[in-house]
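These notes are about the structure you will find just below.
The values are calculated or read from the model by the stated rules, or taken from the named source; none is laboratory data. Quick caveat: nothing in here was measured; it's all calculated off a predicted structure. Quick reminder, even Gly has a Cβ in these numbers, built from the backbone with ideal geometry, and neighbours come from all protein chains shown. Quick note on the areas: whole protein, heavy atoms, side chains included, nothing else; ligands and nucleic acids left out. Shrake-Rupley method; radii C 1.70, N 1.55, O 1.52, S 1.80 Å.
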Amino acid sequence: MARIEPPVPLEGQVRIEQMAKWYGPVGEGVEALGGLNLDVPAGEFLAVVGASGCGKSTLLRILAGFEDHTDGQVEVGGAPVTGPSPRRGVVFQDYGLFPWLTVSENVRYGPRQRRVPRRRAKEIAARYIETVGLSRFADRFPGELSGGMQQRVAIARVLANEPALLLMDEPFGALDALTRTSMQHELKRIHAETSATVVFVTHSIEEAVYLADRVVVMTGGPSHGVPGRIEKIVDVDLGDHRDVNAPDFNAIERAISDLVHVGA
Ligand SMILES: Nc1ncnc2c1ncn2[C@@H]1O[C@H](COP(=O)(O)OP(=O)(O)OP(=O)(O)O)[C@@H](O)[C@H]1O
Ligand SMILES: [Mg+2]
């Protein structure tokens, strides 16, 4: 029997068509991105890599609704992006926590803003603080935690809004290698547990291949005299349990690395 497709696209689905982004006036300013096409199905884990200045953060900020695009279409869940939304959670490299609020209060902040009743917000916060393994630190202040712990709070805070789309810009870039590895495991688990779509920008090709279903390789950028663009999208057909030392893993890493350097 034929399946009837739902008429409304799933909430975390991303569609970008012929998108351009100018900083400053068109034709005079800087064309950061041009002719960008990208479809991300709901629930996918998509990594984005590319040399500095190719427009990765610009792309993420546009999806977050923090920045307008100049031309083309940008849709999330079938609707044009017109501004920020709690349904699209954003995690940057600097944690952006409120230092005067405890861990629990930081995580509760979003739900409370959305007028979730106090007791329910507390339950939601407790759940996500547990998810990131920080239950024992719920009543501490961010300044009392390590960088890796603060980043986990930042992730819990975004998850507490139960976003359909999780946008992460080098979220683990400032972490030491051990913390970074454990955060990668954590994020994989969280992604498997929620149905959120993830768009994850990283400078680490290894991290991209470890985490993602597909890796977008971007090239160009204003410092190369051309707008940033998508060079290629690489499928990572490695299943759920990935070994960073396995030959097939390394082959994909090398292929991506070659592509990154094409446009650099
Ligand atoms: N507010 C701005 N005004 C003018 N130009 C900008 C602005 N923000 C970014 N750019 C330019 O747009 C291009 C893309 O910047 P973006 O920050 O998106 O790059 P990126 O790929 O995230 O780089 P990195 O890997 O260094 O973080 C760069 O050439 C940058 O100089
Ligand atoms: Mg950036």
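Quick test of your reading of the structure: R87 fulfils all but one of (1) basic (K, R); (2) within 16 Å of ligand 2 (Cβ to nearest atom); (3) over 18 Å from I233 (Cα atoms). Name the failing condition by number. The failed condition is (2). Of the listed requirements (1) touching a strand residue (DSSP E or B) at 6+ places or on another chain (Cβ under 6 Å); (2) open to solvent by 30 Å² or more (accessible area, probe 1.4 Å); (3) of a type in the set (S, T, Y), T197 misses just one: (2). In this structure, is V215 crowded, with 21+ Cβ neighbours inside 10 Å, of a type outside the set (D, E, K, R) and within 15 Å of ligand 2 (Cβ to nearest atom)? Against the criterion (crowded, with 21+ Cβ neighbours inside 10 Å, of a type outside the set (D, E, K, R) and within 15 Å of ligand 2 (Cβ to nearest atom)), V215 does not qualify. Quick check, is K232 open to solvent by 10 Å² or more (accessible area, probe 1.4 Å) and closer than 25 Å to G96 by Cβ? No, not satisfied.
Would you mind stating whether R119 is outside the structural domain of L175 (by TED's automatic domain parsing), of a type in the set (K, R) and modelled with pLDDT under 95? In short, no. A residue that is within 14 Å of the chain's Cα centre (by Cα), under 19 Å from L134 (Cα atoms) and crowded, with 24+ Cβ neighbours inside 10 Å occurs somewhere in the range 159-166. Candidates in the range 22-36 are the residues that are in contact (Cβ under 8 Å) with a residue 60 or more places away in the chain and on the phi < 0 side of the Ramachandran plot; of these, the one that is nearest to ligand 2 (Cβ to nearest atom) is A32. Screening the range 37-74 for residues that are over 15 Å from the mean Cα position of the chain (by Cα), open to solvent by less than 60 Å² (accessible area, probe 1.4 Å) and within 22 Å of G89 (Cβ to Cβ) and picking the one that is nearest to ligand 2 (Cβ to nearest atom) gives E67. G143: within 18 Å of the chain's Cα centre (by Cα) and small (G, A, S), yes or no? Taking the combined requirement at face value, the residue does not satisfy it. If you go through the range 115-145 and keep only what is basic (K, R), loosely packed, with under 12 Cβ neighbours inside 10 Å and not in a helix (DSSP H, G or I), you end up with just R115. With respect to G110, is the statement that it is more than 30 Å from V76 (Cα to Cα), of a type outside the set (D, E) and not in a loop (DSSP other than H, G, I, E, B) true? Taking the combined requirement at face value, the residue does not satisfy it.
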